[in-house]
Amino acid sequence: MPTETTPTGGTPLVGAAPPPLPVPTGAETPDDRAALQDGLRRTAVALLDAEIPFALVGGYAAWARGAPEPSHDADFAIAEEDVDRAKNALASAGLDVQQPAENWLFKAYHHGQLVDVLFRMVGEPVTYEQLERAEQLEVLAVRMPVLPATDIISAKMRVLGEHYCDFTWLLPMARALREQIDWDQVREETADHPYARAFLYLVDELGLTGNGGGRLTATPGRGGPGGEE
């Protein structure tokens, strides 16, 4: 006799147990962190094999020097004249190379994880002179050129602005790299960037720069923060 959950034909009754789920696919896909790290390695090796000058930049460059590990992407810098060669090299290495609308980078994906390849940084073209300042470090078992700490933190500070001003990731980076950073050079390079100067004031106050006594002075028309003369 049919029961409440037993179909009399091919159609399950209301309240019947659902059919089993299909076997999951992609179970052997690397987790995000492993995929991102492998994408970083593959990109570096591809550029090295193609003899294209480059440097690891951004969060993973900072991580290679002791800062917390990023989780969203890996960044490399090359000169603009090497873009086509770099795209071919990365595509040959198995990465999914894509050109976005932005005219300062291209993207490469590995198991869904993103590698950005920049040929402009903070609005300026990447130069071979910049790349030559990179230091050879071992990153994830691959020896590659890594941007100096001063260049890393200066670039990060100069992109701060009204629409993006997040200190939560920048402060741990500055704390970890503080002894590797030429803070005088950072002050010079960020002098025309008010949001960068605000961050510089914070790290001064926290004693990270060795210039804790260098307080910001009140400008004409101001007797102090928020106060009018």
> Is there any pair linking a residue in segment 189-212 that is under 14 Å from F167 (Cα atoms) to one that is β-branched (V, I, T) and outside any loop (DSSP other than H, G, I, E, B), with Cβ under 8 Å and at least six apart or on different chains, and which?
Replying inline: L200/V186
> When the residues of segment 189-206 are filtered to those that are in contact with a Leu (Cβ under 6 Å, 6 or more places away or on another chain) and among the aromatic types (F, W, Y), which remaining residue is farthest from E124 (Cα to Cα)?
Replying inline: Y201
> Within segment 170-198, restricting attention to residues that are touching a helix residue (DSSP H, G or I) at 6+ places or on another chain (Cβ under 9 Å) and among the small types (G, A, S), which residue is farthest from A149 (Cα to Cα)?
Replying inline: A191
>> Here's a check for you: in segment 156-188, which residue that is surrounded by 11 or more Cβ atoms within 10 Å (Cβ to Cβ) and β-branched (V, I, T) is nearest to G123 (Cα to Cα)?
In response: V159
> Can you tell me how many residues in segment 80-110 are of a type in the set (A, V, I, L, M), surrounded by 18 or more Cβ atoms within 10 Å (Cβ to Cβ) and either under 15 Å from A44 (Cα atoms) or out of contact with any Asp or Glu (no Cβ under 9 Å at 6 or more places or on another chain) (or both)?
Replying inline: 7
> Is it the case that G66 is modelled with pLDDT of 95 or more and assigned to a loop (DSSP other than H, G, I, E, B)?
Replying inline: yes
> For G123, all conditions in the list (1) modelled with pLDDT of 95 or more; (2) of a type outside the set (F, W, Y); (3) not assigned by TED's automatic domain parsing to the domain that holds D182 hold save one; what is the number of the exception?
Replying inline: (1)
> Does V117 qualify as being surrounded by 16 or more Cβ atoms within 10 Å (Cβ to Cβ), free of Cβ contacts under 8 Å to residues at least 24 places away in the same chain, in the same structural domain as D38 (by TED's automatic domain parsing) and under 25 Å from R33 (Cβ atoms)?
Replying inline: no
> Can we say Q185 is of a type in the set (S, T, N, Q), over 30 Å from D49 (Cα atoms), outside any loop (DSSP other than H, G, I, E, B) and modelled with pLDDT of 95 or more?
Replying inline: yes
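The values are calculated or read from the model by the stated rules, or taken from the named source; none is laboratory data. Just so you know, these numbers come straight off a predicted model, no measurement behind them. Quick reminder, even Gly has a Cβ in these numbers, built from the backbone with ideal geometry, and neighbours come from all protein chains shown.
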